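Everything below concerns the one structure shown next.
Values quoted throughout were computed directly from the atomic coordinates according to the rules given, and no laboratory measurement underlies them. Computed from a predicted model, the values in this text were never measured in an experiment. Neighbour counts run over all protein chains shown; Cβ positions are idealised from the backbone, glycine included.
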Amino acid sequence: MSDLLSVENLSVAYGSGAPAVNRASFAVGEGSVVALLGANGAGKSSIMKAISGLTPATGTVMFNGEDISTLPARTRVAKGIVYVPEGREIVGDLSVRENLVLGGYQKPAAERKRRMDMVLELFPEIAEKVDRQAWRLSGGEQQMLAIGRGLVADPKLLLLDEPSLGLAPLLVRRVFDRLATIRQESDLAIVLVEQNLAVTMRLCDELHFLRGGRIVGHRSAEELKDATARQQAIDAYLGAA
Ligand code: ATP
């Protein structure tokens, strides 16, 4: 499997203190799901923003064989890299439909319409509420809208920042089931940021563990199916549960 994304020696520094991300390197194969796990402040969101072009970074970001390290964020979106930020960041005063239109602003109208129909089929919960203002949706529906808005842009790589945050377990399961469906039906690759290993295991192929801005460990999801190996990884990288 060839790499769709390859990140080498990526560093992000916001001020003069310790870097938020310190020489992180990892790759994402076409159609695969790679998770970044770590505690609050480990640098996960900063990696996502650096890949998206939303924060200055050093190091190299290769996408589809092209060095995109210096390209502006909108050009990266056009190439197929779409970021769904933590906290959803949908536009509350706009309707569900208008939020989806925003996701496809770079697409021709007919294609955007086709993608929106696909998203509404995938998330019937929000299809029932297309004319409702987004702030009126439940937390789970807002998360579906945020992911749906990302999908309207027709990404090759979706960067998903803590989609489980603030959701009840049942809704987390529902959101992850839909993501699994998207995986089956397309060759979409995903970088998934999470703090919750159990949830992450449902979807991903590979996991990287972050601490203090560094990638300190790597496991395949296959390796972590073994309960002892899973506990060892939790103890070694995420702190004793
Ligand atoms: P969380 O789950 O809390 O978002 P995270 O693993 O995604 O955690 P980051 O948000 O990438 O971590 O933050 C990494 C470090 O960089 C933290 O110490 C954080 O305080 C700092 N940081 C993040 N964004 C900024 C910013 N815009 N300005 C200054 N410091 C920042």
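Data for the structure
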quantity	calculated
At q = 0.11, 0.13, 0.14, 0.16 Å⁻¹, base-10 log of I(q)/I(0) for the chain (Debye sum, equal scatterers on each alpha carbon)	-0.55, -0.78, -0.91, -1.18
Cα→Cβ-extended label distance, 7 Å offset, between residue 9 and residue 131, nm	5.7
Cα-based helix-to-principal-axis angle, 169-185 vs the chain, degrees rounded to 10	80
Cα-based helix-to-principal-axis angle, 139-152 vs the chain, degrees rounded to 10	90
Net charge of neighbours whose Cβ lies under 13 Å from the Cβ of residue 222, counting Lys and Arg as +1 and Asp and Glu as -1	-1
Positive-pole candidate from 47, 209, 238, dipole of the chain, charges at beta carbon	47
Exposed chymotrypsin sites (Phe, Trp or Tyr not before Pro) absent: longest stretch of the chain, with sites in DSSP loops and at most 15 other Cβ within 10 Å deemed exposed	106-241
Pairs of alpha carbons in region 40-159 whose separation is greater than 18 Å (percent)	52
Gained length - residue 232 relative to residue 218, 0.36 nm times residue gap less alpha-carbon distance	3.8 nm
